[in-house]
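Novice: After the structure tokens below, expect a handful of questions from me.
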Amino acid sequence: MSLSDFDLFLSSMEDVKPINHDTIPPAPNNPNASLAQQEKRKAAEESLANDENYLQSEHVELIDPHALLSFKKDGVQSAVFKNLRLAKYQVDATLDLHGQLLKHARTTLFNFINDCHQRNIRVVLIRHGIGIKNKARPGILKSYVNKWLQALPAVLAYHSALKHHGGSGATYVLLKKSDEKKHENREIHAKRY
């Protein structure tokens, strides 16, 4: 920009006034908040700090409500995955997430999978629905369940269920053996000479 252009710019900006913002930054602590409100806020902050649930609830890429979910970690044998997909393993526990808010579904799924893993439950069924009632964003809970299951270390594989178990609105999940169960198996199968 040449000097004359700069002078022209300054002269054209002489009558411009700064915009006053009408937003107010939130106060860290509202002095007028009741004692109960302050205690509730403090409990919520402590709860978040102590939350062991690492499942993310940020943006997820939405999948088609009727899409089949299918995932297996490296090391899962093809025959094992095929048996899971064909429902040849007994389903030992079921979780129904229909109609739950994402925040609640996130916590429920996290706790359910960890509890089943600790109890040596190997195959579970998650009913998440397909979410076609939500016209604006169908399949949102199903999309998050797909993301969350991949993030859980106890999950080895999962696949959409057969029609009689809920079809694309439900998912079979194969869980790892617990450390205790692995140790038991090693002892049983150990070769003693």
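Novice: Please enumerate the residues belonging to the stretch 100-124 that are of a type in the set (D, E, K, R) and crowded, with 16+ Cβ neighbours inside 10 Å.
Specialist: Arg106, Arg122
Novice: Out of (1) more than 16 Å from Leu156 (Cα to Cα); (2) surrounded by 15 or more Cβ atoms within 10 Å (Cβ to Cβ); (3) not β-branched (Val, Ile, Thr), the odd one out for Asp96 is which?
Specialist: Here Asp96 clears every test but (2).
Novice: Moving to a separate point now. Do any helices (runs of 4 or more DSSP H) lying entirely in the stretch 94-193 carry at least 3 residues that are charged (D, E, K, R), and which ones are they?
Specialist: Of the helices (runs of 4 or more DSSP H) lying wholly inside the stretch 94-193, those with at least 3 residues that are charged (D, E, K, R) span 102-118, 179-189.
Novice: Residue by residue through the stretch 88-108, note down the ones that are within 19 Å of Lys142 (Cβ to Cβ) and of a type in the set (A, V, I, L, M, F, W, C).
Specialist: Hits for the stretch 88-108 are Val91, Leu95, Leu97, Leu101, Leu102, Ala105.
Novice: While we're on this one: Looking at the stretch 83-112 only, could you name the residues that are of a type in the set (Lys, Arg) and either under 19 Å from Lys176 (Cβ atoms) or free of Cβ contacts under 8 Å to residues at least 40 places away in the same chain (or both)?
Specialist: Within the stretch 83-112, Arg85, Lys88 meet the criteria.
Novice: Right, next: Does Ile113 qualify as being under 21 Å from His59 (Cβ atoms), within 19 Å of the chain's Cα centre (by Cα) and of a type in the set (Val, Ile, Thr)?
Specialist: Values: under 21 Å from His59 (Cβ atoms): no; within 19 Å of the chain's Cα centre (by Cα): yes; of a type in the set (Val, Ile, Thr): yes.
No: the conditions fail for Ile113.
Novice: Please identify the pairs in which a residue from the stretch 120-146 that is touching a residue at least 40 places away in the same chain (Cβ under 8 Å) has its Cβ atom under 8 Å from the Cβ atom of a residue that is among the acidic types (Asp, Glu), counting only partners at least 6 apart or on another chain.
Specialist: Asn120/Glu180; Ile121/Asp92; Arg122/Asp92; Val123/Asp92; Val124/Asp92; Arg127/Asp96; Gly139/Asp64; Ser143/Glu61
Novice: Which of the numbered conditions does Ser70 fail, given that it passes all the others? Conditions: (1) over 24 Å from Glu180 (Cβ atoms); (2) among the polar types (S, T, N, Q); (3) under 15 Å from the mean Cα position of the chain (by Cα).
Specialist: Tallying (1) over 24 Å from Glu180 (Cβ atoms); (2) among the polar types (S, T, N, Q); (3) under 15 Å from the mean Cα position of the chain (by Cα), Ser70 fails exactly one: (3).
Novice: Another question, if that's okay. What about Ile130, is it farther than 21 Å from Asp74 by Cβ and at pLDDT below 95?
Specialist: yes
The values are calculated or read from the model by the stated rules, or taken from the named source; none is laboratory data. This is a predicted model, so every value here is computed, not measured. In this analysis, Cβ positions are derived from the backbone assuming ideal geometry, glycine residues included, and neighbour counts consider all displayed protein chains.
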